[in-house]
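Here is the structure we will look at.
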Amino acid sequence: DGGITQSPKYLFRKEGQNVTLSCEQNLNHDAMYWYRQDPGQGLRLIYYSQIVNDFQKGDIAEGYSVSREKKESFPLTVTSAQKNPTAFYLCASSIGGWNQPQHFGDGTRLSIL
Amino acid sequence: AQSVTQPDIHITVSEGASLELRCNYSYGATPYLFWYVQSPGQGLQLLLKYFSGDTLVQGIKGFEAEFKRSQSSFNLRKPSVHWSDAAEYFCAVGGDDKIIFGKGTRLHILP
């Protein structure tokens, strides 16, 4: 079945450590997205990529980095510069364009040790 | 400016009762509207979408939504809820250069 796979489901970060969240899709979608979800705040866009080898900052990109070397993969790195990284992170994909529905993975919950 | 408001943070209904979740949007042109559902610890699943045409759209799991341009609303309805409908529901509006999600409405079901 086609879908989006996020791993790991739970992740713990130590102070000063970078961590990378994986997102893989086999839907043949051009566009991929990373969102951060905090209780009561809905979804906030971190980064997005409309095509391979290209990506743009979203509303809250500071302290995060991404790459898009393959169509299927869009990993997110949470750097030590992100001072409040504890959140639920969601990856999504779509055929492209903000007017298209997005398909979501099951998320990664990141916590600080 | 593009925005989405879900006025109700929590809603509680009895199993078998009808449901209406409110969504108001602001967008200068014809909006692309979506409703998603999220179960705890999981991602979002698309319930339905409105792009154009018939203002009453049918979705999965027995949900429907009505687009009312005059009221800038896109409310989600279900005639009879089941205990499995307990979840968080998000309305979203897509435009030319972004998508905005509402902050969500958590639905509780009384047995």
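The values are calculated or read from the model by the stated rules, or taken from the named source; none is laboratory data. The shown structure was predicted, so the numbers you read here are calculated from the model rather than taken from an experiment. Note: ideal-geometry Cβ built from the backbone for every residue, glycine included; neighbour counts use all protein chains shown. Just so you know, the surface numbers come from the protein's heavy atoms only, side chains and all, with ligands and any DNA or RNA stripped out. Shrake-Rupley method; radii C 1.70, N 1.55, O 1.52, S 1.80 Å.
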request  = Kindly provide the set of residues from the range A:79-113 that are in contact (Cβ under 8 Å) with a residue 24 or more places away in the chain, within 7 Å of chain B (Cβ to nearest Cβ) and either over 13 Å from the mean Cα position of the chain (by Cα) or outside any strand (DSSP E or B) (or both), ordered by number.
outcome  = A:105, A:106, A:107
ask   = What are the residue pairs meeting all of these: first residue in the range A:54-75, first residue assigned to a loop (DSSP other than H, G, I, E, B), second residue of a type in the set (Gly, Ala, Ser) and open to solvent by 50 Å² or more (accessible area, probe 1.4 Å), Cβ atoms under 9 Å, and 6 or more apart or on different chains?
value = A:62/A:81; A:63/A:81
Single residue of the range A:52-65 satisfying the filter (under 13 Å from residue A:36 (Cβ atoms) and of a type in the set (A, V, I, L, M)) that is most open to solvent (accessible area, probe 1.4 Å) = A:60
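Quick one: which strands (runs of 3 or more DSSP E) sit completely within the range B:4-111 and have at least 2 residues that are open to solvent by less than 30 Å² (accessible area, probe 1.4 Å) and within 14 Å of another protein chain (Cβ to nearest Cβ)?
Once the strands (runs of 3 or more DSSP E) in the range B:4-111 are filtered for at least 2 residues that are open to solvent by less than 30 Å² (accessible area, probe 1.4 Å) and within 14 Å of another protein chain (Cβ to nearest Cβ), what remains is B:32-38, B:44-50, B:87-94, B:99-101.
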query = Any chance the range B:76-94 includes a residue that's in contact with a His (Cβ under 8 Å, 6 or more places away or on another chain) and at pLDDT 95 or above?
reply = yes
ask   = If you go through the range A:23-48 one residue at a time, how many are without any contact (Cβ under 8 Å) to a residue 60 or more places away in the chain and either assigned to a loop (DSSP other than H, G, I, E, B) or surrounded by fewer than 21 Cβ atoms within 10 Å (Cβ to Cβ) (or both)?
value = 10
